[in-house]
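Undergrad: My questions all concern the structure below.
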Amino acid sequence: MKIYNTLSRRKEEFIPLEPGKVKMYVCGPTVYNLIHIGNARPMVIFDTVRRYFEYKGYEVNFVSNFTDVDDKIIKKAVEEGVESEVISQRYIAECKKDMEALNVRPATKHPLATEEIPGMLQMIQTLIEKGHAYAAKDGTVYFRVKSFKEYGKLSHKNLDELQSGFRELKVTGEEGKEDPNDFVLWKPKKEGEPYWESLWCQGRPGWHIECSVMAKRYLGDQIDIHAGGEDLIFPHHENEIAQSEAANDKPFATYWMHNGFLTIDSQKMSKSLNNFFTVREIADKYDLQVLRFFMLSAHYRSPLNFGADLMEASKNGLERILTAMDRLRGLEEKKRAEVKASAKEETSALLNQEEVLAAETLKELVGKFEAAMEDDFNTADAVSALFEMVKLANVSAKEDGTLTFIHEIREAIDRLCQILGILTARKAEVLDEEVEALIAQRQAARKNKDFAQADAIRAQLLTMGIVLEDTREGVKWKRA
Ligand code: AMP
Ligand code: ZN
């Protein structure tokens with residue numbers, strides 16, 4: 001299996017640290033808002049990577065954090081007049097709903113920054129003892145970048161270049177830095193902010209330290225794969241490497257994987273440019289399976305431009321798969337009944353001549369799918385192989401065919417769709433009464449000011465493919 005490693009800038013053969021096991025860490029979102037579809041890209045991609053490893057028989061330990069202490073969270077908490085925790089808990093819950101609707105499996109562990117402070121204090125202390133970090137007068141602790149000789153190896157930046165770039169830059173409040181490249185490990189609290197006691201000051205951690213500490217705690221000093229969007233290469237991942245390798249004296253991650261940006265009009269989708277769609281907004285228009293399928297239609301390292309044309313194409317592609325699967329399941333059921341009635345099981349096991357050839361082609365296509373996935377997870381080519389398989393099923397699975405063949409091709413398509421995280425069964429038809437009963441429950445919850453319950457019901461309806469709209473005339477609903 002080959003993986004493109006940002007560290008070496010080439011594709012490398014995947015060799016796990018421990019045979020049969022994959023230790024994988026993916027940087028998760030900062031939780032102060034609903035996630036946008038750019039944030040969903042790494043979730044879908046690395047969930048698919050995980051699924052493929054599992055298909056190959058690996059045991060995957062998959063850790064992904066939620067950053068729940070951050071300036072943006074604090075700002076939102078102040079605006080709403082609530083504790084930061086209220087904000088982070090709310091958006092973690094919302095994020096989990098979106099993940100579920102995208103069929104992104106929960107990680108083995110989703111650590112929260114606020115629950116890992118003791119580990120962070122310990123790693124910072126180790127770094128100070130080893131001369132890799134220092135506390136300034138005001139209690140801020142900085143990582144001493146010059147002490148880590150390999151700084152820049154991931155982003156392929158040269159420290160001298162960085163230095164000259166920073167020369168003109170004077171950041172207020174960071175006068176205690178020995179060097180402009182040094183970065184914050186711990187910083188003093190400001191009025192009204194959440195804080196923790198430490199040896200240096202009452203304060204809170206910098207962003208980078210949490211991932212080094214969580215990876216160490218849940219996966220160990222050395223991990224196989226560390227992943228995230230390409231905007232994280234510098235400085236976040238570069239700093240993680242510096243912290244972890246300086247503290248643990250071991251190489252941190254063997255492979256560094258980075259997804260390209262989801263763009264809109266060729267610009268990165270981001271909160272700051274205000275050119276984003278939340279996953280929730282897309283769910284109002286499409287089944288989120290379509291969004292997942294859209295993301296897999298491109299190679300994960302390429303930029304992917306979001307637009308109605310490609311989404312429609314993905315919707316149609318998905319529909320083609322579902323239609324073929326409906327037919328195969330129907331045929332299979334019918335054949336099973338026939339075999340049962342005739343009690344001639346042996347003959348049904350023998351493929352007819354045409355099926356023998358089709359079964360050969362099927363095997364080749366499974367091989368093609370796997371080869372694509374093993375070439376740095378080329379899901380675009382894997383999806384093409386899947387479509388060829390659907391075409392094959394449409395022509396070679398016949399009314400007068402055998403149960404054996406129909407079963408085999410149906411199972412093959414199901415298995416590959418499962419790797420891609422694509423559900424092949426249509427959602428059960430939801431009855432109007434069922435929807436209306438849930439809406440009534442939601443209205444009651446709102447009346448009692450139980451907004452969490454009201455939101456939970458809205459999300460439940462969403463997973464059933466029902467979209468709500470609060471209008472002046474009351475609540476309206478439609479099928480997505
Ligand atoms: P953030 O909450 O900004 O730290 O982002 C969470 C994850 O989403 C990180 O892995 C980012 O690299 C990734 N990400 C953010 N915006 C985009 C985008 N437009 N396209 C792809 N990935 C993104
Ligand atoms: Zn991280």
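Undergrad: Here's a check for you: in segment 355-377, which residue that is out of contact with any strand residue (DSSP E or B) (no Cβ under 8 Å at 6 or more places or on another chain) and surrounded by 20 or more Cβ atoms within 10 Å (Cβ to Cβ) is nearest to S342 (Cα to Cα)?
TA: The initial filter retains those residues of segment 355-377 that are out of contact with any strand residue (DSSP E or B) (no Cβ under 8 Å at 6 or more places or on another chain), namely 355-373.
Within this subset, residues satisfying the condition of being surrounded by 20 or more Cβ atoms within 10 Å (Cβ to Cβ) are 355, 358, 362, 365, 369, 372-373.
Working: E355: 21, A358: 26, L362: 28, L365: 33, F369: 37, A372: 42, M373: 42 Å.
It comes out as E355.
Undergrad: Please verify whether R336 is open to solvent by 80 Å² or more (accessible area, probe 1.4 Å) and within 13 Å of I413 (Cα to Cα), treating the condition exactly as stated. Steps first, please.
TA: Details: open to solvent by 80 Å² or more (accessible area, probe 1.4 Å): yes; within 13 Å of I413 (Cα to Cα): no.
No; evaluated as a whole, the condition is false for this residue.
Undergrad: For segment 222-275, give me each residue that is of a type in the set (G, A, S) and either within 21 Å of the chain's Cα centre (by Cα) or in a helix (DSSP H, G or I) (or both). Outline the logic, then answer.
TA: In the first step, residues of segment 222-275 are kept if they are of a type in the set (G, A, S); the result is 227-229, 242, 244, 246-247, 253, 260, 266, 270, 272.
Hits for segment 222-275 are A227, G228, G229, A242, S244, A246, A247, A253, G260, S270, S272.
Undergrad: For the structure I just gave you, tell me whether R320 is at negative phi, open to solvent by 60 Å² or more (accessible area, probe 1.4 Å), assigned to a loop (DSSP other than H, G, I, E, B) and in contact (Cβ under 8 Å) with a residue 60 or more places away in the chain. Talk me through it step by step, then tell me what you get.
TA: Values: at negative phi: yes; open to solvent by 60 Å² or more (accessible area, probe 1.4 Å): yes; assigned to a loop (DSSP other than H, G, I, E, B): no; in contact (Cβ under 8 Å) with a residue 60 or more places away in the chain: yes.
No, not satisfied.
Undergrad: Further question: Looking only at residues that are open to solvent by less than 20 Å² (accessible area, probe 1.4 Å) and away from ligand 1 (no atom under 13 Å from the Cβ) in segment 5-45, which one is farthest from A283 (Cα to Cα)?
TA: F14
Undergrad: Go through segment 80-104 and give me each residue that's within 22 Å of C211 (Cβ to Cβ), touching a helix residue (DSSP H, G or I) at 6+ places or on another chain (Cβ under 6 Å) and either in a loop (DSSP other than H, G, I, E, B) or open to solvent by 30 Å² or more (accessible area, probe 1.4 Å) (or both).
TA: V104
Undergrad: State all residues of segment 404-438 that are assigned to a helix (DSSP H, G or I), modelled with pLDDT of 95 or more and of a type in the set (A, V, I, L, M); if no residue qualifies, say none. Talk me through it step by step, then tell me what you get.
TA: First pass over segment 404-438, keeping only residues assigned to a helix (DSSP H, G or I): 404-420, 432-438.
So of that shortlist, the ones also modelled with pLDDT of 95 or more come out as 404-420.
Result: I406, I409, A412, I413, L416, I419, L420.
Undergrad: When you scan segment 15-35, do you find a residue that is over 22 Å from A242 (Cα atoms) and assigned to a helix (DSSP H, G or I), even just one?
TA: no
Undergrad: Here is a further query. Being away from ligand 1 (no atom under 16 Å from the Cβ) and not in a helix (DSSP H, G or I) is the filter; apply it to segment 51-79 and report the residue that is least open to solvent (accessible area, probe 1.4 Å).
TA: Here is the first cut: in segment 51-79, the residues away from ligand 1 (no atom under 16 Å from the Cβ) are 51-61, 77-79.
So of that shortlist, the ones also not in a helix (DSSP H, G or I) come out as 56-61.
Details: K56: 88, G57: 62, Y58: 53, E59: 115, V60: 16, N61: 53 Å².
Among them, the one singled out is V60.
Undergrad: Please specify each residue of segment 1-34 satisfying the condition of being away from ligand 2 (no atom under 16 Å from the Cβ) and of a type in the set (A, V, I, L, M, F, W, C).
TA: Hits for segment 1-34 are M1, I3, F14, I15, L17, V22, L34.
Undergrad: So if I check each of D249, D224, D265, which one is surrounded by fewer than 19 Cβ atoms within 10 Å (Cβ to Cβ) and touching a residue at least 24 places away in the same chain (Cβ under 8 Å)? Even if it seems obvious, please write down each step before you answer.
TA: Details: D249 fails: touching a residue at least 24 places away in the same chain (Cβ under 8 Å); D224 fails: surrounded by fewer than 19 Cβ atoms within 10 Å (Cβ to Cβ).
None of the other options fit; the residue is D265.
Undergrad: Do you know which of the residues in segment 203-221 that are within 10 Å of ligand 2 (Cβ to nearest atom) and part of a helix (DSSP H, G or I) is farthest from D138 (Cα to Cα)?
TA: If we filter segment 203-221 for residues that are within 10 Å of ligand 2 (Cβ to nearest atom), which is where we start, we get 207-212, 214-215.
This time we only want the ones that are part of a helix (DSSP H, G or I), so: 208-212, 214-215.
Working: H208: 20, I209: 19, E210: 22, C211: 25, S212: 24, M214: 27, A215: 29 Å.
This residue is A215.
Undergrad: Can you confirm whether segment 167-188 contains a residue that is touching a residue at least 12 places away in the same chain (Cβ under 8 Å) and in a helix (DSSP H, G or I)?
TA: Within segment 167-188, none of the residues are touching a residue at least 12 places away in the same chain (Cβ under 8 Å) and in a helix (DSSP H, G or I).
Undergrad: Then there is this: List the number of the failed condition for T48; all other conditions in (1) within 18 Å of H258 (Cβ to Cβ); (2) within 16 Å of ligand 2 (Cβ to nearest atom); (3) open to solvent by less than 20 Å² (accessible area, probe 1.4 Å) hold.
TA: Among (1) within 18 Å of H258 (Cβ to Cβ); (2) within 16 Å of ligand 2 (Cβ to nearest atom); (3) open to solvent by less than 20 Å² (accessible area, probe 1.4 Å), the lone unmet condition for T48 is (2).
Undergrad: Right, another one. Kindly indicate the residue of segment 207-217 that is away from ligand 1 (no atom under 14 Å from the Cβ) and over 18 Å from the mean Cα position of the chain (by Cα) and also surrounded by the fewest Cβ atoms within 10 Å (Cβ to Cβ) among those meeting that condition.
TA: Checking each candidate, the answer is R217.
Undergrad: Within segment 412-446, can you find the residues that are over 16 Å from A456 (Cα atoms) and not aliphatic (A, V, I, L, M)?
TA: Pass one, segment 412-446, residues over 16 Å from A456 (Cα atoms): 412-433.
D414, R415, C417, Q418, G421, T424, R426, K427, E429, D432, E433, listed by residue number.
Undergrad: Right, here's the next one. Is there any pair with a first residue in segment 356-383 that is touching a residue at least 60 places away in the same chain (Cβ under 8 Å) and a second that is open to solvent by 60 Å² or more (accessible area, probe 1.4 Å) whose Cβ atoms are under 6 Å apart and which are 6 or more apart or on different chains, and what are they?
TA: Taking only residues 6 or more apart or on different chains, the pairs are D375/K2; D376/K2; D376/K11.
The values are calculated or read from the model by the stated rules, or taken from the named source; none is laboratory data. Given the structure is predicted, the values throughout are model-derived calculations rather than measurements. Using ideal geometry, Cβ is built from the backbone for each residue, glycine included, and neighbour counts are taken over all protein chains shown. Accessible surface is based on the protein model in full, side chains and every heavy atom, while ligands, DNA and RNA are left aside. Shrake-Rupley method; radii C 1.70, N 1.55, O 1.52, S 1.80 Å.
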